[in-house]
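Peer 1: Have a look at this one.
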Amino acid sequence: MPVHFIFLAVLWTLYCVLHSVLAGSRLKKNLKNNLGERYKYYRPAYILFAFASLIAIVWYQLGLGGRRLFEPGWFAYAGLAIMASGLLLMLVCIRKYFMSLSGLRSLMNERHGSELMISGIHKYVRHPLYLGTFAFLWGLFLALPELSLLISNTIITAYTLLGIRFEEKKLEEEFGESYRRYREQVPKLLPTGNKRLNKA
């Protein structure tokens with residue numbers, strides 16, 4: 001494998017590791033104790049850094065040129081449909097989470113407590129944003145089956161699946177029996193249809 005593809009894998013791995021460190025509860029707890037009132041700027045600053053570094057890696061990846069793994073043929077149409085569905089789901093989720101994801105809630109000094117989301121799309125799948133991300137990434141790969149996309153998609157998917165395990169542990173610690181009951185009733189990523197959220 002050419003060295004620039006290896007470097008691409010290293011960049012995506014570093015991005016995932018930095019994401020875990022900077023979003024980790026231990027670091028945020030230390031920063032909150034040390035920064036005091038200024039801690040409200042951490043989340044927006046983190047979002048800007050994550051977005052800028054993501055754009056930089058994607059820009060590098062686009063500059064590598066295509067190494068086509070196979071001719072997509074009719075897979076391209078299926079890939080585009082899957083990609084569009086994933087993008088739509090991502091946009092729905094981002095709109096729903098915008099205040100907390102963007103860090104604007106902390107800047108506006110809003111003191112809303114954490115809320116277990118079980119309405120809307122969350123009635124069918126516990127992690128719709130991740131489902132949308134996977135659909136977008138792998139739909140894009142079906143439409144444009146290049147080595148660079150296989151590398152980035154594999155690393156992002158593996159990292160996200162691992163991250164879901166830790167995220168669910170945190171949610172169980174925070175919400176206790178409410179989350180355990182929700183987890184039993186609603187599938188993690190694929191809306192299989194054999195489970196139904198019962199709020200009673």
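The values are calculated or read from the model by the stated rules, or taken from the named source; none is laboratory data. Being a predicted model, the structure only gives us computed values, none of them experimental. Don't worry about glycine lacking a Cβ; one is built from the backbone with ideal geometry, like all the others, and counts go over all protein chains shown.
Peer 1: Take the residues of segment 106-130 that are crowded, with 17+ Cβ neighbours inside 10 Å and either aromatic (F, W, Y) or over 21 Å from Q185 (Cα atoms) (or both): which is modelled with the lowest pLDDT?
Peer 2: My answer is S106.
Per-residue answers, yes or no, for (1) among the basic types (K, R); (2) touching a residue at least 12 places away in the same chain (Cβ under 8 Å); (3) part of a helix (DSSP H, G or I):
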site: L14; (1), (2), (3): no, no, yes
site: L27; (1), (2), (3): no, no, yes
site: N33; (1), (2), (3): no, no, yes
site: G36; (1), (2), (3): no, no, yes
site: V58; (1), (2), (3): no, no, yes
site: G65; (1), (2), (3): no, no, no
site: P72; (1), (2), (3): no, yes, no
site: L87; (1), (2), (3): no, yes, yes
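Peer 1: Do we find that R68 is among the basic types (K, R) and farther than 29 Å from A143 by Cα in this structure?
Peer 2: Spelling it out, it is not the case that R68 is among the basic types (K, R) and farther than 29 Å from A143 by Cα.
Peer 1: Report whether or not G36 is more than 23 Å from the chain's Cα centre (by Cα), exposed (fewer than 11 other Cβ atoms within 10 Å of the Cβ) and at positive phi. Write out each step before concluding.
Peer 2: Details: more than 23 Å from the chain's Cα centre (by Cα): yes; exposed (fewer than 11 other Cβ atoms within 10 Å of the Cβ): yes; at positive phi: yes.
So G36 passes the test.
Peer 1: Sticking with this structure for a sec: Being more than 23 Å from F136 (Cα to Cα) and touching a residue at least 40 places away in the same chain (Cβ under 8 Å) is the filter here, so list the residues in segment 169-188 that pass it.
Peer 2: K170, L171, E174, F175, S178, Y179, Y182, R183
Peer 1: With respect to the numbered conditions (1) more than 30 Å from E146 (Cα to Cα); (2) under 25 Å from the mean Cα position of the chain (by Cα); (3) loosely packed, with under 15 Cβ neighbours inside 10 Å, which one is the sole condition not fulfilled by W59?
Peer 2: Here W59 clears every test but (1).
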